[in-house]
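*Asks:* First, the structure itself, so that you have it in front of you.
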Amino acid sequence: MNGEKSAWQRFLASDFFYDFKRSPVTIVSFVIVVTLILMAILADLVAPTNPFDPGSLNLMNGFTPPMEPNAFTGETFLLGTDDQGRDLLSAIIYGLRVSLFVGLTAVILAMFIGVSLGLLAGYRGGWVDAVIMRIADIQVTFPSILIAVLIFGVARGLLPPDLRDELAITVLIVAIGLSEWVPFARTVRGTTMVEKEKEYVQAARLIGLGSSQIMVRHILPNVLSPVLVIATITLALAIIAEATLSFLGVGAPPTEPSLGTLIRIGQDFLFSGEWWILLFPAVTLLALALSVNLLGDWLRDTLNPRLK
Amino acid sequence: MSESILRVQNLRVVFPHRHGELVAIDDVSFEVKKGEILGFVGESGAGKSMTGAAIIGLIDPPGYVEQGEIWLEDQRIDQLDMRAFTKIRGRRISMVFQDPLTSLNPLRTIGDQLIETIQMHLPVSQEEAKRKAMAGLEEVGIDPARFNAYPHEFSGGMRQRVVIALALSAEPELIIADEPTTALDVSVQAQVLELLKKLCRERNASVILITHDMGVIAETTDRVAVLYAGRLAEIGPTEKVLHQPEHPYTRGLIASTPSVELGNIDTELFQIEGAMPRLDALPTGCAFHPRCEHAQDRCVEQRPDLLQERVACWLYADG
Amino acid sequence: MLFIILRRLLQAIVVLLLVALVAFTIFRYIGDPVESLLGQEATEADRRALIDRLGLDDPIPVQYLRFVTNALQGDFGVSYRTAEQVSGLIAERLPATLELALVSALFALVVGTLLGIYTAIYRDGFVAHTIMSSSLIGVSLPTFLIGVLLIWVFAVELGWLPSFGRGETVQIGFWSTGFLTASGLKSLILPAITLGLYQMTLIMRLVRAEMLEVLRQDFIRFARARGLPDRVVYFGHALKNTLVPVITVAGLQLGAIVAFAIITETVFQWPGVGLLFVNAVFFVDIPVMSAYLLLVGTVFVVINLIVDLLYLAIDPRIRDGQLRRKAT
């Protein structure tokens, strides 16, 4: 209890927190990200309606503009409704949940793959290193969005047709995760190669600690802050990748629309004047991606002052 | 005053930063006579290179000349705009930098860079410029046939010769040589220095030679200025300063140099205690007083001026 | 010199063969080619005949070799979805993509380089600051959103430019071009900006960073100390040195433009290979996916090769083998 308290106090007194307090842009970004994450987690409580409950839909409510009562039912919706009469605010909150879930799990997957391979390549060296890094070199030559679409397509090909929609979210996570592991692997490999030559690692080896123990206990802690920075920046990329794939129609299934899916739907109604169906999901996506990006930039500058 | 090519008066260069400003050069005055080689010696950060940069108007922003005057013969040059200054740089004042590896544009031939400089300053035709460039190369001991070679095809010493040829190509009257031999192999240092000295003597050009090497000072310069923490500690004829150093810092500097000339190789080398203060933590009074064995109360309180145009130290205040 | 070129060529071929291996694996092992081509009602005899005809029982290396030789002759098999030759589908749509990519690439390179130089030289100016901060937003904006927003403003609200398709095209031999008609050119503007904007900001930031880096170097100081005026220092000395590292990234970005076309083509319903690919992914049309992968792989490898050769032309140190190309 006492230790915990002093850890918190130490945090408040740290340079890290000091930097944070002095950057209004970072504070705003942080608040936006936390609010959006909370909204996504608490979607069932926060959203006015459940957009996927057919019982709550009323086609008569279709195309209601924001803040105006519907001509037939008299109901008012903060952000308006779509063609099906679905409350847009609720759809966005649930879409946000899909987007964030896919983004976060994809980053965790990418981080797991990248950190493991990076540790392995850096620690073992030799042909293991050569093979892993060559694959990484070739993969980063291609834009990750292309890799993700390709993996998505291959995974769909491997699945029986009736499972394709059901597993679409999983496939999406795997596709994005597999397309973003390289930066993690490169950074971790570099740090590992430096750390493994240091005395304390040599000492640990002399005591007889196994390679995996050395990697996890001694080398891993050294790579945490660059990995955190990359993870944050990758999160922004993953959220955008998810939205892009869903926008292309090769991402989230129609039964679980993400922000990208909503934007795709919104584009169809641009010419007929129902601008809100496009605008609000787009603004939400933008706020999310931009805030995460700014947080990532700030983290990078704060944790690696040398890079400034 | 006609015999001096450059006069620097009360020069003060500051670098503004978040918590105020750093004074990189503080109240430095000196002059360079025509045909003379003036040495600048001191530790890194003492302000040697900064003085050179100030003279040629190339202080990196945000630094700037806050006070003082720099006169090139009868022209005041510290307030010239960029455009007017380009007519002086290379043409009247030129500079040789420390590292010949990075001083030349790696993507252009040496001949190309020579012609460019010559044509910028002298009203000559393309052929005339080329002829001059080749003559310049020959003078510094480089085969003119290598006119179209790229910098990376030369060794370090040869490259510094190219740099000297470039610096001299528009026949300047003053050359600022900033540690011109520090990056070179010991074996070629003397050659390059000798070359620089010879060419300047032939042209009656003056040189400001910046170095941290007392040996180089002894062999090359006519007069020497000792800088400490951005201030002038001592200045005078090289012979005098080396053999009868007055400022305690100069004495320490000379005593800590392994000297062949003084013939006491056996004696243990002297070391000055402590280190030069950082520019953001300068002591009061004389900047050297915390390390000085003769420090008095006055040294802590009051900054000494240059006394008898020679030394900035209270020890000599009474005569 | 010749040796270096030959070695680069060899490396390029190896990478291409690897890409072909991935494409072949997808082509051969994802889904069941026989079932996809014949449908489920086919008899065992039909199946047998097709397996023999496609040589699916041959040893794997033989099949791979046949896949590569077929591809070299432009034979990528038959689309599962439309039963047309994949090569025909691609040939029909390739001009649309290449024309779009070319215009975007020019836009990205020219505007990006100019803005990069400008923001480096006047780095403390108000305009430069404005450009830099808006570019930060530009980098965070997903491509498809840029496209949708451009459509909203210029097609829906202002009605100046078309929002989808290529407009009128002119057929020249096998090539259909949109460059020769007013509606074709107008149709190019929005997609080209959408596709090139991200690369443009990237190139701009890169040129700026490299230029600032170069301007800090000694030879620039020395050039100034020799009395060369700003114009000569910037354009005679700094620019060429800036371009060396920029070429790699710019080259790869041009490749990326071809790949990113899948997004832009979907937004603008641009009838190119990108749209073909997205539809193939959706309908699990394996031969089209595999052919697209080969196509994009080739584009990347060729661009990489050109970048390498450009390096040789620009930097004498690499020509003499003293310096290796900076990896990115």
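*Asks:* Need one value for A:246-252: mean number of C-beta atoms belonging to other chains within 10 Å of its residues' C-beta atoms.
*Replies:* Counting other chains' Cβ atoms within 10 Å and averaging over A:246-252 gives 5.
*Asks:* Within straight cross-link reach of A:Lys21, meaning Cα distance under 30 Å, which lysines are found once same-chain residues fewer than 8 apart are removed?
*Replies:* A:Lys5, A:Lys308
*Asks:* In whole Hz and in residue order, list the ³J(HN,Hα) couplings for the range A:111-126 that follow from phi through the Karplus curve 6.51 cos²θ - 1.76 cosθ + 1.60, θ = phi - 60°; x for Gly and Pro.
*Replies:* Per residue, the Karplus-derived 3J(HN,Hα) values read 5, 4, 4, x, 5, 4, 5, x, 4, 4, 5, x, 7, 7, x, x Hz.
*Asks:* Another one. Report, by chain and number, residues whose modeled amide H sits under 5 Å from the one on B:Leu22, excluding near sequence neighbours (fewer than 5 apart, same chain).
*Replies:* Result for B:Leu22 returns B:Phe15, B:His17.
*Asks:* Summing -39500 (n - 2.57) over the DSSP H runs of n ≥ 4 in chain A and dividing by its residue number, what mean residue ellipticity at 222 nm do you reach, to the nearest 500 deg cm²/dmol?
*Replies:* Numbers: 14 runs with 215 residues, N = 308.
The helix-only estimate for chain A comes to -23000 deg cm²/dmol at 222 nm.
*Asks:* Karplus couplings for the range A:10-20 from phi (6.51 cos²θ - 1.76 cosθ + 1.60, θ = phi - 60°), rounded to Hz, Gly and Pro as x?
*Replies:* 4, 4, 4, 8, 6, 4, 4, 5, 4, 4, 4
*Asks:* Also, I was wondering about something else. What do you get for the angle between helix A:182-195 and the principal long axis of chain A? Use alpha-carbon atoms, 0 to 90 degrees, nearest ten.
*Replies:* Once rounded, one gets 20 degrees.
*Asks:* Per residue of A:200-207, count partner chain C-beta atoms within 10 Å of its C-beta, then hand back the mean as an integer.
*Replies:* Details: counts 0, 0, 0, 0, 0, 0, 0, 0.
For peptide A:200-207, the averaged partner shielding equals 0.
*Asks:* Cα atoms only, the range C:2-72: Rg and Dmax in Å?
*Replies:* Reported Rg and Dmax, both Å: 16.6, 58.
*Asks:* In nm², what is the average projected area of the convex hull enclosing the Cα atoms of the protein assembly as shown?
*Replies:* On the way: hull surface 215.8 nm².
So the Cα hull casts an average projection of 54.0 nm².
*Asks:* Now, a different point. Any aspartates and glutamates with Cα under 18 Å of the C:Lys186 Cα? List them, leaving off those in the same chain fewer than 8 positions away.
*Replies:* C:Glu99, C:Glu157, C:Glu168, C:Glu265
*Asks:* Now for a different question. Which order do the peptides A:202-209, A:284-291 take when ranked by the mean count of other beta-carbon atoms within 10 Å per residue, highest first?
*Replies:* On the way: A:202-209: 11.6, A:284-291: 21.6.
By packing density, highest mean first, the sequence is A:284-291, A:202-209.
*Asks:* Whole number please: convex hull volume per residue of the Cα set in the range C:1-141, in Å³?
*Replies:* 192 Å³
*Asks:* Check B:Ser94: other-chain or 5+ apart residues with amide H under 5 Å from its amide H, H built from backbone geometry?
*Replies:* B:Leu174, B:Ile175, B:Ile176
*Asks:* Using DSSP to define loop residues, name the GluC sites (Glu not before Pro) in the range C:157-257 whose beta-carbon has at most 16 other beta-carbon atoms within 10 Å.
*Replies:* Of the GluC sites (Glu not before Pro), the ones in loops of the range C:157-257 whose Cβ has at most 16 other Cβ atoms within 10 Å are C:Glu168.
*Asks:* Tell me which trypsin sites (Lys or Arg not before Pro) from the range C:135-235 have a DSSP coil assignment and no more than 10 other beta carbons within 10 Å of their own.
*Replies:* Counting only loop positions with at most 10 other Cβ atoms within 10 Å, the trypsin sites (Lys or Arg not before Pro) in the range C:135-235 are C:Arg216.
*Asks:* When chain B is treated as a GNM, springs tying every alpha-carbon pair under 10 Å, which of B:His152, B:His289, B:His19 comes out with the largest mean-square fluctuation?
*Replies:* Checking each option, the largest mean-square fluctuation is seen for B:His19.
*Asks:* Can you tell which of B:Ala149, B:Gly20, C:Ala313 lies farthest toward the positive end of the dipole of the protein assembly as shown, using +1 and -1 charges on the Cβ of basic and acidic side chains (Lys, Arg; Asp, Glu)?
*Replies:* Among B:Ala149, B:Gly20, C:Ala313, the one farthest towards the positive end of the dipole of the protein assembly as shown is B:Ala149.
*Asks:* Here's another thing I want to ask about it. What number do you get for chain A when its Cα radius of gyration is normalised by 2.2 N^0.38 Å, N = residues?
*Replies:* Dividing the Cα Rg of chain A by 2.2 N^0.38 Å gives 1.18.
*Asks:* So what are the ³J(HN,Hα) numbers for the range A:266-283, from phi and the Karplus equation (6.51, -1.76, 1.60; θ = phi - 60°), rounded to whole Hz, Gly and Pro as x?
*Replies:* x, 4, 5, 9, 4, 6, 8, x, 8, 5, 5, 5, 8, 4, 5, x, 5, 5
*Asks:* If you average the sequence gap of Cα pairs under 8 Å that are 6 or more apart and divide by the length of the range C:86-327, what percent do you get for the contact order?
*Replies:* So the answer I get is 26 percent.
*Asks:* Turning to a different aspect of this structure: Ignore the peptide's own chain and count Cβ atoms of other chains within 10 Å of each Cβ in C:141-153; give me the average, rounded.
*Replies:* 6
None of the figures in this text is laboratory data; all of them are computed from the coordinates on show. Bear in mind that the values here come from a model prediction, so they are computed numbers and not experimental data. No Cβ is skipped: glycine too gets one built from the backbone with ideal geometry, and neighbour counts run over all protein chains shown.
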